[in-house]
Amino acid sequence: MIENICCIGAGYVGGPTMAVIALKNPHIKVTVVDLNVQRIKDWNDSDLHKLPIYEPGLSEVVEKARGRNLFFSTDVDKAIDEAQMIFISVNTPTKTYGVGKGMAADLKYIELCARQIAMVSQTNKIIVEKSTLPVRTAETIQNILDNTGNGVSFQILSNPEFLAEGTAIADLESPDRILIGGNETPEGQMAIQSLVDIYSSWVPKDKIITTSLWSSELSKLTANAFLAQRISSINSLSELCEATGANIVEVSKAVGMDSRIGSKFIQASVGFGGSCFQKDILNLVYISKSLGLEEVASYWEQVIIMNNHQRTRFATNIIKTLYNTVSGKKIAFLGWAFKKDTNDTRESAAIYVADQLIEENANVSVYDPRVSEPQIRYDVKYLNSRSEEKNSKHLKVEPDPYKAFEDSHAIAVLTEWDEFRDYDWERIYKSMLKPAFVFDGRNILDSSKLKAIGFKIKSIGKV
Ligand code: NAD
Ligand code: UDX
């Protein structure tokens, strides 16, 4: 029976996942470790508002389990040494250099973990892939462990995480399914059972499915690819709606009511963001290309091409509508996070739209209820499109949304935060330059109400 777990990586997945595992299994000591000293300090902060990740319900779970059987530490070696089961939950970003640059997953952090586990371990351990990985990565990890270890034995499991940010705690508490892949040997099956036992503390048995390692690894990439494909499909049709007078909200409802299709993940938007979809599809494309499966690769690549197009199209529409020039014009951004209820901005459409507008010398003024100013500045800087001086001249961050609206030519909604619907739109209208434009990249505002006030509103997939 497992009594001691270590998780390497205290990020958006490692933190919330381990907090829930610890909450539901008070008899198991769970230690989450990270190289990032500040991140661990924040996880340990007595002020729960300072946790490094914003997720509804997370601070309550941390408050209950932290110090009882949930610990956050930078002492990676000690946690590895003491654990019977080690989750690897480090980042696996797209490679930015060398072979596979811009497509393949960068597995350097995974390899470092494997080498460290091998070096430190003096007892047999179960290693759980929690990070999203290319299919057959378990083979690589096993190879490193077996060739650099101290003669102890390792069982590898794949247990991909399906939580979505913003709903992580609810997703973890009632998952659609838990997927565990492992070896078909008796030792592999015993390892699988020990992880099944941990999840069984709160997940019904019929929702815990077990497969081979390769099926499990590939299922995670596949699930993300399918979800993203639905968004690109509906976004492609939003452009067709704008050209024909059809309404994407009506089309989406009519299509989604077919029980074979379903209504989730077909809301048109300024484009999907987040750390997973683009990275995982690019990885799928890369794997397919590497195997010579050109048609498979180009089929999935189109999902990314369409998403890039949707973001560019949104920014271009702002420029065109503002009489083909945004130079010197103030444009207020509502939202910067890649979706509501998270402070995560990775691959957020807002970054790319801002970059395109700044290139045209617009003055972008951003308000987001959860994202910090340094993060917003870092995101634009990271694209490396121009000098820092020009970025700082053309990008302002406002802690008060009403300040962002003052004397602006247009408002662009980039994230679907609930609070935006309830703003005093009469007051906003009065404070803006006329004509006052609103570009609703999330279709969340009441367009007839705004039109009645006097706004010129442009939504996605509606004329
Ligand atoms: P993240 O960047 O938030 O966290 C990863 C953490 O790992 C960082 O804090 C980093 O400092 C730490 N780390 C890296 N190398 C380390 C090492 N050698 N030793 C100790 N710590 C190390 O990433 P994330 O969003 O939590 O994603 C982690 C994995 O989970 C990725 O593979 C991702 O694809 C997958 N995933 C993410 C989500 C999501 O919603 N974010 C959902 C499902 C799966
Ligand atoms: C995704 C997967 O949903 C999750 O299962 C996986 O574990 C990690 O990747 P996440 O990226 O956190 O989760 O959020 P998600 O809710 O999937 O949203 C991704 C992006 O798609 C967001 O930018 C969101 O605004 C956008 N989206 C979502 C749409 O544009 N339309 C939709 O209908 C749904």
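Rule-based calculations on the coordinates, nothing more; no lab input. Worth saying up front: this structure is predicted, and the values here are computed from it rather than measured. Because the Cβ atoms are built from the backbone with ideal geometry, glycine has one as well, and the counts that use them run over all protein chains shown.
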Open item on the list: Neighbour counts of other C-beta atoms within 10 Å: give me Cys7, Cys113 arranged from fewest to most.
Closed with: Cys113, Cys7
TODO: Please go through region 62-161 and write out the chymotrypsin sites (Phe, Trp or Tyr not before Pro) that DSSP classes as loop and that have at most 14 other C-beta atoms within 10 Å.
DONE: Tyr97
- [ ] Describe numerically, in nm with one decimal, the distance between label points set 7 Å from Cα along Cα→Cβ at Thr312 and at Ser212.
- [x] 4.0
- [ ] Report, by chain and number, residues whose modeled amide H sits under 5 Å from the one on Ser408, excluding near sequence neighbours (fewer than 5 apart, same chain).
- [x] Leu433
Task: Dipole in debye (nearest 20) - the chain, about Cα centre, beta carbon charges: Lys, Arg +1; Asp, Glu -1 - done: 1140
TODO: Taking a cut-off of 16 Å between Cα atoms, list the lysines near Lys403, but don't count ones fewer than 8 places away on the same chain.
DONE: Lys329, Lys330, Lys430
Task: Rh (Kirkwood; distinct C-alpha pairs) - the chain, Å - done: 23.7
Open item on the list: Let me confirm the definition first: pairs of Lys residues in region 4-203, 8 or more apart or on different chains, C-alpha distance under 21 Å. How many are there?
Closed with: 16
Task: Helix axis angle, 14-24 relative to the chain longest principal axis, alpha carbon, degrees - done: 60
Task: Under Karplus coefficients 6.51, -1.76 and 1.60, residue-wise ³J(HN,Hα) of region 260-275 in Hz, glycine/proline x - done: 6, 9, x, 8, 7, 6, 10, 8, 5, 7, 6, x, 6, x, x, 7
- [ ] Can you work out the PRE-style zone for Ser327? Point 7 Å along Cα to Cβ, and I want the residues of region 351-365 with backbone N under 18 Å.
- [x] 356-364
TODO: Rounded to the nearest 0.05, what FRET efficiency do Glu82 and Ala243 give with R0 = 45 Å and r taken as the Cβ-Cβ distance? Could you check?
DONE: 0.15
- [ ] Would you please classify the overall shape of region 4-203 from the alpha carbon gyration tensor, given that a ≥ b ≥ c denote the square roots of the eigenvalues, rounded means a/c under 1.5, and beyond that prolate means a/b larger than b/c while oblate covers the rest?
- [x] rounded
TODO: Give the angle, between 0 and 90 degrees and rounded to the nearest 10, that separates the Cα long axis of helix 137-148 from the longest principal axis of the Cα atoms of the chain.
DONE: 40
Open item on the list: Could you work out how much longer the chain between His49 and Asn143 gets when fully extended? Use 0.36 nm per residue separation minus the Cα distance between them, nm to one decimal.
Closed with: 29.7 nm
Task: Cα Rg over Rh - region 305-459, Kirkwood - done: 0.93
Task: Extended-chain gain in nm, criterion 0.36 nm per residue less alpha-carbon gap, Lys390 and Ile2 - done: 134.2 nm
TODO: Report relative contact order for the chain in percent, whole number only (criteria: Cα-Cα under 8 Å, sequence separation at least 6).
DONE: 12
- [ ] Note the full-extension length gain between Lys430 and Thr96 as 0.36 nm times their separation in residues minus their Cα-Cα distance, in nm to one decimal.
- [x] 115.6 nm
TODO: Mind running the shape call on region 275-343? Use the C-alpha gyration tensor, a ≥ b ≥ c as the square roots of the eigenvalues: rounded below 1.5 for a/c, prolate if a/b tops b/c, oblate otherwise.
DONE: oblate
Task: ³J(HN,Hα), Karplus 6.51/-1.76/1.60, whole Hz, each residue of region 321-337, x for Gly, Pro - done: 5, 7, 6, 6, 8, 10, 4, x, 8, 7, 10, 8, 9, 9, x, 9, 4
TODO: DSSP loop (so not H, G, I, E, B), at most 13 other Cβ within 10 Å: list which trypsin sites (Lys or Arg not before Pro) in region 59-153 pass both filters.
DONE: Arg68, Lys101, Arg136
- [ ] Taking H placed 1.01 Å from N in the peptide plane, check which residues at least 5 places from Ile178 or on another chain put their amide H under 5 Å from its amide H.
- [x] Ile208, Ile209
Task: Rounded, prolate or oblate (a/c below 1.5 giving rounded, otherwise prolate when a/b exceeds b/c) for region 125-219 by Cα gyration tensor - done: prolate
- [ ] Starting from region 1-98, pick out the GluC sites (Glu not before Pro) whose DSSP state is loop and whose Cβ has at most 14 other Cβ atoms within 10 Å.
- [x] Glu3
Task: Computed [θ] at 222 nm, deg cm²/dmol, the chain (DSSP H ≥ 4; -39,500 (n - 2.57); rounded to nearest 500) - done: -14000 deg cm²/dmol
Open item on the list: Rounding to the nearest 10 and keeping the result within 0 to 90°, find how far the Cα-based axis of helix 349-359 lies from the longest principal axis of the chain.
Closed with: 50
